[in-house]
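Engineer: I am attaching a structure below and will ask some questions about it afterwards.
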Amino acid sequence: MPTYRAFGMCLGILCTFRALAADAPPGGQQSATGIAHSFLATGAQTYILGEDGKETWRWNGPTRDGWVLANGNVLLAAAKSKAYPAGAIVEVDKVGKTVWEFKGTQSEVDAVQPLAGGNVLLTESGPKPRLMEVTHEGKVAVEFPLQCQTKNFHMQTRMARKLAGGNYLVPHLLDRVVREYDKAGKTVWEFKTPDEPKESWPFTAIRLENGNTLIDCTHGNMVIEVDKDGKEVWRVTNADLGSALLKDPCGAQRLANGNTVIASYGAGGADEVKLLEVTPEKKVVWTYKSGQRGGVHEVHVLTMNGRAEGGGLR
(Lines give C-alpha, C1' and ligand atoms only; values in the text may rest on other atoms or scores of the structure.)
Protein backbone atom coordinates (compact mmCIF):
# COMPACT_ATOMS: atom_id res chain seq x y z
CA MET A 1 0.00 0.00 0.00
CA PRO A 2 1.33 3.51 -0.79
CA THR A 3 2.20 5.84 2.04
CA TYR A 4 0.95 9.42 1.97
CA ARG A 5 2.03 12.44 3.96
CA ALA A 6 -1.38 13.91 4.60
CA PHE A 7 -2.64 17.07 6.08
CA GLY A 8 -5.94 18.93 6.08
CA MET A 9 -9.09 18.53 8.14
CA CYS A 10 -12.10 16.26 8.54
CA LEU A 11 -15.74 17.26 8.26
CA GLY A 12 -17.93 14.40 9.45
CA ILE A 13 -16.77 11.40 7.47
CA LEU A 14 -15.18 13.54 4.77
CA CYS A 15 -11.46 14.01 5.29
CA THR A 16 -9.46 16.07 2.84
CA PHE A 17 -5.76 15.77 2.24
CA ARG A 18 -3.10 16.44 -0.31
CA ALA A 19 -0.91 13.59 -1.50
CA LEU A 20 2.55 14.91 -2.27
CA ALA A 21 3.93 13.94 -5.64
CA ALA A 22 7.09 12.46 -4.16
CA ASP A 23 5.07 9.90 -2.22
CA ALA A 24 2.28 9.20 -4.70
CA PRO A 25 2.10 5.89 -6.58
CA PRO A 26 2.63 5.83 -10.33
CA GLY A 27 -0.50 6.23 -12.43
CA GLY A 28 -1.73 3.87 -15.11
CA GLN A 29 -1.33 6.11 -18.12
CA GLN A 30 -0.58 4.17 -21.29
CA SER A 31 0.27 5.51 -24.72
CA ALA A 32 2.04 4.29 -27.81
CA THR A 33 2.43 7.83 -29.10
CA GLY A 34 4.06 9.70 -26.23
CA ILE A 35 0.87 11.39 -25.00
CA ALA A 36 0.70 12.49 -21.37
CA HIS A 37 -2.14 14.31 -19.62
CA SER A 38 -2.65 15.98 -16.30
CA PHE A 39 -6.29 15.85 -15.25
CA LEU A 40 -8.83 16.15 -12.48
CA ALA A 41 -10.90 12.98 -12.08
CA THR A 42 -14.13 12.93 -10.10
CA GLY A 43 -16.28 9.97 -9.14
CA ALA A 44 -15.79 7.24 -6.55
CA GLN A 45 -12.23 8.64 -6.26
CA THR A 46 -11.40 12.36 -6.49
CA TYR A 47 -7.84 13.31 -7.42
CA ILE A 48 -5.49 15.20 -9.74
CA LEU A 49 -2.94 13.22 -11.72
CA GLY A 50 0.11 14.92 -13.21
CA GLU A 51 1.63 14.26 -16.61
CA ASP A 52 4.29 12.14 -14.93
CA GLY A 53 1.56 9.71 -13.87
CA LYS A 54 1.82 10.66 -10.21
CA GLU A 55 -1.04 11.78 -8.03
CA THR A 56 -0.60 15.36 -6.78
CA TRP A 57 -3.86 15.97 -4.92
CA ARG A 58 -6.73 13.94 -3.49
CA TRP A 59 -10.07 14.59 -1.78
CA ASN A 60 -11.39 11.73 0.26
CA GLY A 61 -15.02 11.68 -0.81
CA PRO A 62 -17.18 10.79 -3.82
CA THR A 63 -17.90 13.63 -6.23
CA ARG A 64 -19.92 14.27 -9.38
CA ASP A 65 -18.03 17.13 -11.01
CA GLY A 66 -15.08 19.44 -10.38
CA TRP A 67 -12.84 22.23 -11.64
CA VAL A 68 -9.35 23.46 -10.84
CA LEU A 69 -9.56 27.21 -10.20
CA ALA A 70 -7.01 29.85 -11.15
CA ASN A 71 -5.98 30.22 -7.49
CA GLY A 72 -5.13 26.52 -7.31
CA ASN A 73 -8.21 25.56 -5.30
CA VAL A 74 -10.57 22.85 -6.50
CA LEU A 75 -14.33 23.37 -6.83
CA LEU A 76 -16.29 20.14 -6.39
CA ALA A 77 -19.85 18.91 -6.59
CA ALA A 78 -19.84 16.57 -3.59
CA ALA A 79 -22.06 13.50 -3.66
CA LYS A 80 -24.37 12.52 -0.80
CA SER A 81 -22.65 11.73 2.51
CA LYS A 82 -23.24 12.07 6.24
CA ALA A 83 -21.68 15.51 6.07
CA TYR A 84 -23.77 16.49 3.03
CA PRO A 85 -27.08 14.55 3.05
CA ALA A 86 -28.27 16.28 -0.13
CA GLY A 87 -24.86 16.88 -1.71
CA ALA A 88 -23.03 20.20 -1.82
CA ILE A 89 -20.71 22.50 -3.72
CA VAL A 90 -17.36 22.60 -1.92
CA GLU A 91 -14.25 24.67 -2.64
CA VAL A 92 -11.12 23.00 -1.25
CA ASP A 93 -7.73 24.69 -1.07
CA LYS A 94 -4.33 23.23 -1.94
CA VAL A 95 -3.82 21.69 1.50
CA GLY A 96 -7.26 20.12 1.74
CA LYS A 97 -9.09 22.77 3.76
CA THR A 98 -12.69 23.56 2.84
CA VAL A 99 -12.82 27.32 2.27
CA TRP A 100 -16.39 27.63 0.96
CA GLU A 101 -19.46 25.44 0.61
CA PHE A 102 -23.08 25.61 -0.51
CA LYS A 103 -25.21 22.73 0.70
CA GLY A 104 -27.96 21.15 -1.38
CA THR A 105 -31.52 21.13 -0.08
CA GLN A 106 -33.29 18.39 -2.05
CA SER A 107 -32.00 15.02 -3.27
CA GLU A 108 -28.55 15.63 -4.76
CA VAL A 109 -26.32 18.23 -6.40
CA ASP A 110 -25.38 17.06 -9.88
CA ALA A 111 -23.05 19.56 -11.54
CA VAL A 112 -20.88 22.59 -10.85
CA GLN A 113 -19.24 25.26 -12.98
CA PRO A 114 -17.29 28.36 -11.91
CA LEU A 115 -18.50 31.42 -13.79
CA ALA A 116 -17.01 34.75 -14.77
CA GLY A 117 -17.76 37.29 -12.07
CA GLY A 118 -17.50 34.76 -9.26
CA ASN A 119 -20.88 33.05 -9.35
CA VAL A 120 -21.14 29.27 -9.32
CA LEU A 121 -23.54 27.26 -11.49
CA LEU A 122 -25.16 24.13 -10.11
CA THR A 123 -28.10 21.85 -10.77
CA GLU A 124 -30.10 20.15 -8.06
CA SER A 125 -32.24 17.04 -8.44
CA GLY A 126 -35.28 16.33 -6.30
CA PRO A 127 -39.03 16.94 -6.15
CA LYS A 128 -38.45 20.35 -7.75
CA PRO A 129 -35.38 19.98 -9.98
CA ARG A 130 -33.73 23.30 -10.64
CA LEU A 131 -30.76 25.16 -12.07
CA MET A 132 -29.13 27.85 -9.97
CA GLU A 133 -26.35 30.39 -9.95
CA VAL A 134 -25.18 31.19 -6.44
CA THR A 135 -22.83 33.84 -5.10
CA HIS A 136 -20.01 33.25 -2.64
CA GLU A 137 -22.21 34.91 -0.04
CA GLY A 138 -24.69 32.07 -0.51
CA LYS A 139 -27.32 34.15 -2.29
CA VAL A 140 -29.23 32.61 -5.20
CA ALA A 141 -28.64 34.95 -8.16
CA VAL A 142 -30.40 32.84 -10.83
CA GLU A 143 -32.96 30.09 -10.37
CA PHE A 144 -35.48 28.33 -12.59
CA PRO A 145 -37.16 24.89 -12.65
CA LEU A 146 -35.88 22.20 -15.00
CA GLN A 147 -38.27 20.44 -17.34
CA CYS A 148 -37.73 16.77 -16.55
CA GLN A 149 -39.38 13.71 -15.05
CA THR A 150 -39.93 13.69 -11.30
CA LYS A 151 -40.23 9.94 -10.56
CA ASN A 152 -36.55 9.06 -10.39
CA PHE A 153 -34.61 11.94 -8.84
CA HIS A 154 -31.25 10.30 -9.46
CA MET A 155 -31.86 10.27 -13.23
CA GLN A 156 -33.08 13.84 -13.69
CA THR A 157 -29.99 15.76 -14.79
CA ARG A 158 -26.21 15.77 -14.86
CA MET A 159 -23.46 17.94 -16.41
CA ALA A 160 -25.16 21.30 -16.96
CA ARG A 161 -23.01 24.08 -18.42
CA LYS A 162 -23.50 27.80 -18.96
CA LEU A 163 -22.76 28.81 -22.56
CA ALA A 164 -20.78 31.81 -23.77
CA GLY A 165 -23.98 33.60 -24.84
CA GLY A 166 -25.58 33.22 -21.42
CA ASN A 167 -27.87 30.25 -22.06
CA TYR A 168 -27.61 26.91 -20.23
CA LEU A 169 -27.10 23.44 -21.72
CA VAL A 170 -28.59 20.65 -19.58
CA PRO A 171 -28.74 16.88 -20.24
CA HIS A 172 -31.74 15.00 -18.82
CA LEU A 173 -31.03 11.29 -18.46
CA LEU A 174 -34.33 9.39 -18.35
CA ASP A 175 -36.04 11.94 -20.58
CA ARG A 176 -33.26 11.18 -23.07
CA VAL A 177 -33.06 14.80 -24.17
CA VAL A 178 -30.51 17.62 -24.04
CA ARG A 179 -32.16 21.01 -23.58
CA GLU A 180 -30.79 24.50 -24.00
CA TYR A 181 -32.54 26.93 -21.68
CA ASP A 182 -32.43 30.70 -22.02
CA LYS A 183 -31.80 33.02 -19.07
CA ALA A 184 -35.47 32.87 -18.07
CA GLY A 185 -35.61 29.07 -18.14
CA LYS A 186 -37.38 28.72 -21.49
CA THR A 187 -36.31 25.84 -23.76
CA VAL A 188 -34.81 27.26 -26.98
CA TRP A 189 -33.18 24.08 -28.38
CA GLU A 190 -33.37 20.39 -27.66
CA PHE A 191 -32.00 17.13 -28.98
CA LYS A 192 -33.43 13.65 -28.40
CA THR A 193 -30.72 11.01 -28.07
CA PRO A 194 -30.88 8.01 -30.44
CA ASP A 195 -32.29 4.53 -29.75
CA GLU A 196 -29.52 2.67 -31.56
CA PRO A 197 -27.35 0.77 -30.92
CA LYS A 198 -29.05 0.93 -27.53
CA GLU A 199 -31.37 3.37 -25.79
CA SER A 200 -29.06 6.14 -24.64
CA TRP A 201 -29.14 8.51 -21.68
CA PRO A 202 -27.34 11.85 -22.15
CA PHE A 203 -24.91 12.56 -19.33
CA THR A 204 -22.53 15.27 -20.51
CA ALA A 205 -23.39 17.95 -23.08
CA ILE A 206 -20.76 20.43 -24.27
CA ARG A 207 -21.18 23.20 -26.85
CA LEU A 208 -18.10 23.17 -29.08
CA GLU A 209 -16.39 26.15 -30.72
CA ASN A 210 -17.87 25.15 -34.10
CA GLY A 211 -21.39 25.46 -32.67
CA ASN A 212 -21.97 21.71 -32.52
CA THR A 213 -22.86 19.86 -29.33
CA LEU A 214 -20.84 16.92 -27.99
CA ILE A 215 -23.00 14.49 -26.00
CA ASP A 216 -21.72 11.63 -23.87
CA CYS A 217 -24.39 8.92 -23.60
CA THR A 218 -24.26 6.53 -20.68
CA HIS A 219 -26.18 3.26 -20.95
CA GLY A 220 -25.95 3.52 -24.74
CA ASN A 221 -22.12 3.53 -24.49
CA MET A 222 -21.49 6.13 -27.14
CA VAL A 223 -20.42 9.71 -27.71
CA ILE A 224 -22.05 11.73 -30.49
CA GLU A 225 -21.60 15.17 -32.00
CA VAL A 226 -24.63 16.92 -33.51
CA ASP A 227 -24.99 20.23 -35.34
CA LYS A 228 -27.43 23.02 -34.49
CA ASP A 229 -30.16 21.27 -36.51
CA GLY A 230 -29.72 18.04 -34.56
CA LYS A 231 -27.96 16.25 -37.43
CA GLU A 232 -25.40 13.73 -36.23
CA VAL A 233 -21.94 14.47 -37.63
CA TRP A 234 -19.78 12.11 -35.54
CA ARG A 235 -20.27 9.06 -33.37
CA VAL A 236 -18.00 6.65 -31.52
CA THR A 237 -19.21 3.42 -29.89
CA ASN A 238 -17.65 0.27 -28.49
CA ALA A 239 -17.75 -1.21 -31.99
CA ASP A 240 -14.98 1.28 -32.90
CA LEU A 241 -12.74 0.95 -29.86
CA GLY A 242 -11.32 -2.56 -29.84
CA SER A 243 -10.38 -3.62 -26.31
CA ALA A 244 -10.62 -0.11 -24.81
CA LEU A 245 -14.34 -0.43 -24.14
CA LEU A 246 -16.61 2.25 -22.73
CA LYS A 247 -18.69 1.20 -19.72
CA ASP A 248 -21.36 3.78 -18.96
CA PRO A 249 -19.43 6.81 -20.26
CA CYS A 250 -20.19 9.87 -18.17
CA GLY A 251 -17.64 12.53 -19.06
CA ALA A 252 -16.26 13.85 -22.35
CA GLN A 253 -13.94 16.68 -23.39
CA ARG A 254 -12.84 17.82 -26.85
CA LEU A 255 -9.13 18.66 -26.84
CA ALA A 256 -7.36 21.35 -28.84
CA ASN A 257 -5.97 18.69 -31.21
CA GLY A 258 -9.51 17.62 -32.16
CA ASN A 259 -9.40 14.39 -30.18
CA THR A 260 -11.96 13.48 -27.53
CA VAL A 261 -11.24 12.22 -24.03
CA ILE A 262 -14.00 10.02 -22.57
CA ALA A 263 -14.53 8.81 -19.00
CA SER A 264 -16.08 5.45 -18.06
CA TYR A 265 -17.94 5.48 -14.75
CA GLY A 266 -18.96 1.83 -15.01
CA ALA A 267 -15.35 0.66 -15.31
CA GLY A 268 -15.17 -0.62 -11.76
CA GLY A 269 -12.33 -3.12 -12.03
CA ALA A 270 -8.76 -2.09 -11.25
CA ASP A 271 -7.57 -3.24 -14.69
CA GLU A 272 -10.39 -1.67 -16.69
CA VAL A 273 -9.93 1.44 -18.85
CA LYS A 274 -11.20 4.50 -16.96
CA LEU A 275 -10.26 7.13 -19.56
CA LEU A 276 -9.41 7.04 -23.23
CA GLU A 277 -8.51 9.52 -25.95
CA VAL A 278 -9.88 8.87 -29.42
CA THR A 279 -9.15 10.68 -32.69
CA PRO A 280 -11.82 11.97 -35.11
CA GLU A 281 -11.05 8.81 -37.11
CA LYS A 282 -11.97 6.79 -33.97
CA LYS A 283 -8.47 5.55 -33.28
CA VAL A 284 -7.63 5.09 -29.60
CA VAL A 285 -4.29 6.85 -28.91
CA TRP A 286 -4.25 6.93 -25.09
CA THR A 287 -5.82 5.04 -22.22
CA TYR A 288 -5.72 5.33 -18.45
CA LYS A 289 -6.15 2.61 -15.84
CA SER A 290 -6.01 3.94 -12.30
CA GLY A 291 -5.33 0.60 -10.62
CA GLN A 292 -8.22 1.37 -8.27
CA ARG A 293 -11.77 0.11 -8.14
CA GLY A 294 -14.45 2.55 -9.24
CA GLY A 295 -14.76 4.45 -12.50
CA VAL A 296 -14.43 8.14 -13.39
CA HIS A 297 -17.61 10.22 -13.26
CA GLU A 298 -16.25 13.30 -15.02
CA VAL A 299 -12.82 14.28 -16.32
CA HIS A 300 -11.25 17.67 -16.84
CA VAL A 301 -7.97 17.44 -18.77
CA LEU A 302 -5.77 20.29 -17.58
CA THR A 303 -2.72 19.86 -19.81
CA MET A 304 -1.51 17.56 -22.55
CA ASN A 305 2.24 17.32 -23.07
CA GLY A 306 2.63 20.61 -21.23
CA ARG A 307 -0.04 22.53 -23.17
CA ALA A 308 -3.06 23.93 -21.32
CA GLU A 309 -6.32 22.31 -22.38
CA GLY A 310 -8.90 24.46 -20.60
CA GLY A 311 -10.35 21.69 -18.45
CA GLY A 312 -10.14 23.89 -15.41
CA LEU A 313 -8.12 26.90 -14.25
CA ARG A 314 -11.22 29.12 -14.46
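The values are calculated or read from the model by the stated rules, or taken from the named source; none is laboratory data. Bear in mind that the values here come from a model prediction, so they are computed numbers and not experimental data. As a convention, Cβ positions derive from the backbone with ideal geometry for all residues, glycine included, and neighbour counts pool all protein chains shown. Quick note on the areas: whole protein, heavy atoms, side chains included, nothing else; ligands and nucleic acids left out. Shrake-Rupley method; radii C 1.70, N 1.55, O 1.52, S 1.80 Å.
Engineer: Keeping all protein chains in position, work out how much accessible area K198 exposes to a 1.4 Å probe, and write it in Å² to the nearest 10.
Structural biologist: 100 Å²
Engineer: Translational diffusion coefficient of the stretch 108-172 at 20 °C, 1.002 mPa s, Stokes-Einstein with Kirkwood Rh over Cα pairs, in µm²/s as a whole number.
Structural biologist: Roughly 179 µm²/s, to the nearest whole number.
Engineer: Could you go through the stretch 37-49 in sequence order and give the Karplus-derived ³J(HN,Hα) for each residue, using 6.51 cos²θ - 1.76 cosθ + 1.60 with θ = phi - 60°, rounded to whole Hz, and x for Gly and Pro?
Structural biologist: After applying 6.51 cos²θ - 1.76 cosθ + 1.60, I find 10, 10, 7, 9, 10, 10, x, 4, 10, 10, 7, 10, 10 Hz.
Engineer: Related question: Rolling a 1.4 angstrom probe over the protein chains, ignoring ligands and nucleic acids, what is the accessible area of L276 in square angstrom, nearest 10?
Structural biologist: 0 Å²
Engineer: Something else: Determine, from the Cβ-Cβ distance of E143 and R307 and an R0 of 41 Å, the FRET efficiency 1/(1 + (r/R0)^6), rounded to the nearest 0.05.
Structural biologist: Computed FRET efficiency for E143 and R307: 0.65.
Engineer: Hey, any idea what % of the stretch 187-245's accessible area is carbon plus sulfur with a 1.4 Å probe? It would help to have the intermediate numbers written out before the result.
Structural biologist: On the way: 1320 of 2800 Å².
Here it works out to 47 percent.
Engineer: Sticking with this one: Restricting to Cα pairs below 8 Å that are 6+ residues apart, what does the relative contact order work out to for the stretch 164-270? Please round to a whole percent.
Structural biologist: Relative contact order comes out at 16 percent.
Engineer: While we're on this one: For the chain, with every protein chain kept in place, what is the accessible area per residue (1.4 Å probe, Å²)?
Structural biologist: Here the per-residue accessible area is 41 Å².
Engineer: Picking from I206, I35, I48, which is most flexible by a Gaussian network model of the chain using Cα springs under 10 Å?
Structural biologist: Of I206, I35, I48, the Gaussian network model singles out I35 as fluctuating most.
Engineer: Working out 0.36 nm times the residue gap between K103 and W189, then minus their Cα-Cα distance, what length gain in nm do you get to one decimal?
Structural biologist: Going from the current span to full extension adds 27.9 nm.
Engineer: Under the Karplus relation 6.51 cos²θ - 1.76 cosθ + 1.60, θ = phi - 60°, what is the ordered set of whole-Hz ³J(HN,Hα) values for the stretch 162-179, x standing for Gly and Pro?
Structural biologist: 7, 8, 4, x, x, 7, 10, 9, 9, x, 10, 5, 5, 6, 6, 8, 9, 10
Engineer: What does the extension gain come out to for L174 and V285, with contour length at 0.36 nm per residue minus their alpha carbon separation? Intermediate results must be reported in sequence, preceding the final value.
Structural biologist: Values: separation 111, 0.36 × 111 = 39.96 nm, distance 3.19 nm.
Separation in residues times 0.36 nm, less the Cα-Cα distance, equals 36.8 nm.
Engineer: Kindly provide the GluC sites (Glu not before Pro) of the stretch 133-219 that DSSP labels as loop, not H, G, I, E or B, and whose Cβ sees at most 15 other Cβ atoms within 10 Å. Could you put the intermediate results ahead of the total?
Structural biologist: Numbers: sites: E133, E137, E143, E180, E190, E199, E209; in loops: E137, E199, E209.
Hits after loop and neighbour filter: E137, E199, E209.
Engineer: Moving to a separate point now. Looking only at Cα atoms, what is the convex hull volume of the chain per residue, in Å³? If you can, show how the numbers build up before the last one.
Structural biologist: Values: hull volume 39.5 nm³, N = 314.
So the per-residue Cα hull volume is 126 Å³.
Engineer: Give the residue list of GluC sites (Glu not before Pro) in the stretch 245-314 that are DSSP loop and have at most 11 other beta-carbon atoms within 10 angstrom.
Structural biologist: Here the sparse-neighbourhood loop sites are E281.
Engineer: Here's another thing I want to ask about it. Leaving ligands and nucleic acids out of the surface, order F39, F102 by accessible area at 1.4 Å, largest first.
Structural biologist: From most exposed to least exposed: F102, F39.
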